[in-house]
Amino acid sequence: MTLSLRPIKEDWLVKHYLLILEFGETYEARRQEFRNDHLTKAWAAAERGELVLAGALTDPLDAGVILFKGESAAVVERFVKEDPYVNNGLIQSWRIREWATVVGKDASAKLWPER
């Protein structure tokens, strides 16, 4: 079976990015203080169509993952620079990874098996 990469929509240049946030030791104790500002910022990004999904990884509660879409990682970098959790020391480290999405209705570059 051979696979072919075929853009389906005109917006196929939109890419997906994962923001991976590693929580610091004080995250759970201090997050309530900054949660409203963090959620306000996150929902605003979602309303602009930049943020797709966001949430914490549990068992253990040690990281968060936010899925963004855009033409470049700049939208993610802007979010991180203004995020209250990052700016107030709740996040010990973070990284941005481009995610090559190829399967699913929202994939940025759908990859289909040839028929």
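The values are calculated or read from the model by the stated rules, or taken from the named source; none is laboratory data. Owing to the predicted nature of the structure, the values given are computational and were not obtained by experimental measurement. For neighbour counting, all protein chains shown are included, and Cβ atoms are generated from backbone atoms with ideal geometry for every residue, glycine included.
Can you tell me how many residues in segment 66-115 are among the basic types (Lys, Arg), within 25 Å of THR40 (Cα to Cα) and either exposed (fewer than 13 other Cβ atoms within 10 Å of the Cβ) or in contact (Cβ under 8 Å) with a residue 40 or more places away in the chain (or both)?
4
Among what's in segment 43-64 and is in contact with a Leu (Cβ under 6 Å, 6 or more places away or on another chain) and surrounded by 13 or more Cβ atoms within 10 Å (Cβ to Cβ), pick the residue that is nearest to VAL14 (Cα to Cα).
Restricting to residues being in contact with a Leu (Cβ under 6 Å, 6 or more places away or on another chain) and surrounded by 13 or more Cβ atoms within 10 Å (Cβ to Cβ), the top hit is VAL52.
State which residue pairs qualify: first residue exposed (fewer than 13 other Cβ atoms within 10 Å of the Cβ) and inside segment 20-36, second residue of a type in the set (A, V, I, L, M) and at pLDDT 95 or above in any location, beta carbons under 8 Å apart, and separation of 6 or more residues or different chains.
Once the first residue is exposed (fewer than 13 other Cβ atoms within 10 Å of the Cβ) and sits in segment 20-36, its partners that are of a type in the set (A, V, I, L, M) and at pLDDT 95 or above give THR26/LEU90.
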